[in-house]
Amino acid sequence: MSEKIVPGPLQECGPATQEAVCINTKKIFDSCRDQDCIEDLRFYPVACGQDIINNAVSVKGARAELLHVYTDVEPIHFNRGFYTVDLRYFYRVTLQVCCSCARPAEVEGLCVFDKRVILFGSEGGAKVFTSDTCLGGMDSGSIEKSNLPTAVVEAVDPIVLDTKLVDACERRCCDCDLCEIPHCICDCFDCELCSGEQGKRVFVTLGQFSIVRLERDTQLLIPTYSYCVPEKECTCGSGCCGADPCELFRSIAFPVNEFFPPNALEQKCDYEGAKHTCCCSKR
């Protein structure tokens, strides 16, 4: 059995490794990635935009921005070490609404998407208290908080895949109640959101890439090499540093495609290409 390594200088290691150091860090216990096609999300416009939608003949040219993801972690009692992670995505969606002969008008609104994943987060019964905690600023919930893993969501802005304009007689079931929307999300819009119960509705299909993981604070023993001293010098990043503008211009490649247009345009199938492609619109 090999000898246990303890924090301190290392004697029998390579010349580059100098010391074993104990650090406190976030350890990832489990993670997953998703490529969700979220169909027919209800679009809640701002109050001033509902009249425009009621007079619309089509909707096109939408773009979406991810505002926030609310996360909630709960243990699965019949499966030790596993947790459900409930996620609620809040999107700001901007539509180009066409009304008869008038030029398209922009209408902002909210879309909400809920999902649940199950991940392994191990177990821990210790309660952690730190010296930087302000007792006066704590509530009963934070005092009684158990040692649950932390859910982390990494996501990019979604791709708008489709939009549908639905007449009042074709209304569908409401996905969420506007009273459930946090005030901080409502404050992201210029005016109050509208449920549009009596008018036309818009449904949006989004493509969402995301990574979800469960982390815990752990103490790990790692090898260290040396202190991290920057080697790069600080520069101002502007022309006032004495850089020759002609030398900078000569380093730019000649724009051949601007003078000789290509015979065919390459279709980009990656995220950036799809994000800037206009979505289809349906009535």
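What net charge do the residues around D86 carry, taking every other residue with its C-beta under 12 Å from that of D86, with Lys and Arg at +1 and Asp and Glu at -1?
0
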Residue exposure sequence - F90, F29, F129 - by fewest surrounding Cβ within 10 Å
F129, F29, F90
Can you put V57, V204, V166 in order, fewest other beta carbons within 10 Å first?
V57, V166, V204
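Laboratory data are not the source of any read-out in this text; all were calculated from the coordinates shown. Small disclaimer: the values here were computed from a predicted structure and weren't measured. When we count neighbours, we look across all protein chains shown, and the Cβ atoms used for this are built from the backbone with ideal geometry, even at glycine.
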